[in-house]
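Each remark here refers to the structure printed beneath this line.
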Amino acid sequence: MTGEIRISPREGLRGKIKVPGDKSIAHRAVMVASIATGRSEIIGFPENEDCLSTIRIFQALGVQIEITGDRLIINGKGLGGLSEPENVLDAGNSGTTLRLLLGILSGQDFCSIITGDESLRRRPMRRVVEPLSRMGAEIIGRGEENLAPIAIKGKKLAPINYLSPIASAQVKSSILLAGLYAEGETSVEEPAKSRDHTERMLRLFGAEMKNDGLKVAVKGRAKLVGREFRIPGDISSASFFLVAAAILPNSEITITEVGINPTRKAVLDVLEEMGVKVNLTNVREGIPEPVADITVRSAKPLKPVNLKGEMVIRIIDEIPILTVVASLADGESSILGAGELRVKETDRIRALRVNLTRLGVRVREVSDGLIIQGGSHLQERDSLDSYGDHRIAMAMIIAAMASKKGATVLNTDCINTSFPQFMNILNTCNYSGG
Ligand code: S3P
């Protein structure tokens, strides 16, 4: 873990900015285009480490992928056209890459081994290995099939109707992708609706999908055909700037062409509940997903919130930055039912408790979340630490901007996994005062 950035307090953040394309959608775009037949052209591809890991892996599986700026040309190989990789596949820091890929590799007639960085090798994989094994794949891994490196011997898969114990888009997507290789219909039912990018992407490429409440099904042996489309801006990346504008005095920011998929935009609802006015303009039904321009200005007073249940699933990646807003709100906020945060790129519950405490916030860690006493001015106590997690790093940079004297954020290189342009965009915004 390396990199450190000294952040000074700021105010008067102003500007009209664009954030790179949605990381979740980009992974799916590369994967589905690679197993479709014919040419796909994808614009708005975000050049971050995680998405580049997905590209490198599909190149190693024999797919021709050309990158020019934010444009990708993929010559799809068809469902059965991937070839056995010569070496171990490396998903880097990307859980989405590893878990979704396991679904695709389970249906191949070859053997592959996939690994990742130190953080990814600690993250639980049984949640996908178990249902994929039930479909017939032969998978072995460390920790009794729970940890990467994982070896997969693809097999002729049988469809399943899977009742998932957790609401996870990665689990759902992995099984649906494997379902493409099974004869008949494969379905996944989850306890609450997770993000639906895979369903949308598969439908766009021509797969037959069915939705019934919390259950989604795909018909196997689908004929996927290459497409042209634009990936909308990443709302999770946009959230750091939206929160910066909300909490720094005299600020107003507009972020253009941001994806507002209903399963992703709940962060906007939470901000509104906290007293932030969120303005959507230019709302349009993009392909594959709806987009809008989002404007936020400074808000005071900020109200506390109690987040739990389904809401937590819909804001799972935005919780780090929302805890910064909660720290400045008038009263006690709680985030509960968020135990999944313990198995993200780092234990985010612990990382947030340690960092917010260093900023002088009274925060209590519980097993599945955090209780935050708002109303504090953020102090400079010590340096803040990302613990190698990109979203913790960016959230703490915004917190430091809102603190009295600024702070140094340690281990910031991990920002490159999702948003290498983050500091550049932050530094090119206009600021007054501060
Ligand atoms: C993602 C799903 C979520 C999210 C992750 C990206 C995806 O994880 O936290 O950053 O692209 O499918 P889970 O499915 O584990 O909740």
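The values are calculated or read from the model by the stated rules, or taken from the named source; none is laboratory data. All values derive from a computational prediction rather than experimental measurement. For neighbour counting, all protein chains shown are included, and Cβ atoms are generated from backbone atoms with ideal geometry for every residue, glycine included. Remember, those area values only see protein heavy atoms, side chains included, never the ligands or the DNA or RNA. Shrake-Rupley method; radii C 1.70, N 1.55, O 1.52, S 1.80 Å.
Annotations
- Flag if E332 is closer than 19 Å to I247 by Cα and surrounded by fewer than 17 Cβ atoms within 10 Å (Cβ to Cβ): yes
- Any chance K23 is at pLDDT 95 or above, closer than 21 Å to T417 by Cα, among the basic types (K, R) and within 16 Å of the ligand (Cβ to nearest atom): yes
- Looking across the stretch 282-299, the residues that are open to solvent by 50 Å² or more (accessible area, probe 1.4 Å) and either under 17 Å from the mean Cα position of the chain (by Cα) or without any contact (Cβ under 8 Å) to a residue 24 or more places away in the chain (or both) come down to V283, R284, E285.
The rows are residues; the columns are (1) surrounded by fewer than 23 Cβ atoms within 10 Å (Cβ to Cβ); (2) under 16 Å from V30 (Cα atoms).
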| site | (1), (2) |
| --- | --- |
| V171 | no, no |
| T186 | no, no |
| P191 | yes, no |
| H197 | no, yes |
| L204 | yes, yes |
| S239 | no, no |
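- Strands (runs of 3 or more DSSP E) wholly inside the stretch 322-433 containing at least 3 residues that are of a type in the set (D, E, K, R) and modelled with pLDDT of 95 or more: 362-366
Per-residue answers, yes or no, for (1) assigned to a strand (DSSP E or B); (2) surrounded by fewer than 22 Cβ atoms within 10 Å (Cβ to Cβ); (3) in contact with a helix residue (DSSP H, G or I) (Cβ under 7 Å, 6 or more places away or on another chain):
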site: S236; (1), (2), (3): no, no, no
site: A244; (1), (2), (3): no, no, yes
site: I255; (1), (2), (3): yes, no, yes
site: P262; (1), (2), (3): no, yes, no
site: L268; (1), (2), (3): no, no, no
site: L271; (1), (2), (3): no, no, yes
site: V276; (1), (2), (3): no, no, yes
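- Members of the stretch 330-348 found to be touching a residue at least 40 places away in the same chain (Cβ under 8 Å) and in contact with a helix residue (DSSP H, G or I) (Cβ under 6 Å, 6 or more places away or on another chain), listed by number: S333, R348
- I35 aliphatic (A, V, I, L, M) and under 30 Å from M396 (Cβ atoms): no
- Any hit, the stretch 193-201, residues being in contact (Cβ under 8 Å) with a residue 24 or more places away in the chain, of a type in the set (A, V, I, L, M, F, W, C) and part of a strand (DSSP E or B): no
- Taking the criterion of being of a type in the set (A, V, I, L, M) and surrounded by fewer than 17 Cβ atoms within 10 Å (Cβ to Cβ), the only residue of the stretch 30-46 that qualifies is I43.
- In the stretch 165-203, the residues that are away from the ligand (no atom under 15 Å from the Cβ) and β-branched (V, I, T): T186
- Counting residues in the stretch 57-68 that are of a type in the set (G, A, S), in contact (Cβ under 8 Å) with a residue 24 or more places away in the chain and outside the structural domain of G259 (by TED's automatic domain parsing) gives one or more.
- Residues that are open to solvent by 10 Å² or more (accessible area, probe 1.4 Å) and more than 22 Å from the chain's Cα centre (by Cα), drawn from the stretch 300-321: K300, P301, L302, K303, P304, N306
- Selected residue [open to solvent by 50 Å² or more (accessible area, probe 1.4 Å) and within 16 Å of the ligand (Cβ to nearest atom)] from R350, R342: R342
- Within the stretch 108-129, the set of residues being more than 13 Å from the ligand (Cβ to nearest atom) and closer than 14 Å to S173 by Cα comprises just one member, V129.
- Summed over the stretch 10-29, the residues that are surrounded by fewer than 22 Cβ atoms within 10 Å (Cβ to Cβ) and either touching a strand residue (DSSP E or B) at 6+ places or on another chain (Cβ under 9 Å) or in a helix (DSSP H, G or I) (or both) give a count of 6.
- Answer residue from the stretch 206-216, given it is assigned to a strand (DSSP E or B) and hydrophobic (A, V, I, L, M, F, W, C) and is least open to solvent (accessible area, probe 1.4 Å) among those: V216
- Within the stretch 30-74, being among the β-branched types (V, I, T) and outside any helix (DSSP H, G or I) holds for I35, T37, I42, I43, V63, I65, I67, T68, I73, I74.
- Restricting the stretch 146-162 to residues that are within 16 Å of the ligand (Cβ to nearest atom) and open to solvent by 10 Å² or more (accessible area, probe 1.4 Å), the residue that is nearest to G95 (Cα to Cα) is L147.
- Residue check, S251 in the same structural domain as I397 (by TED's automatic domain parsing) and within 16 Å of the ligand (Cβ to nearest atom): no
- Yes/no for P124 being in a loop (DSSP other than H, G, I, E, B) and in contact (Cβ under 8 Å) with a residue 60 or more places away in the chain: yes
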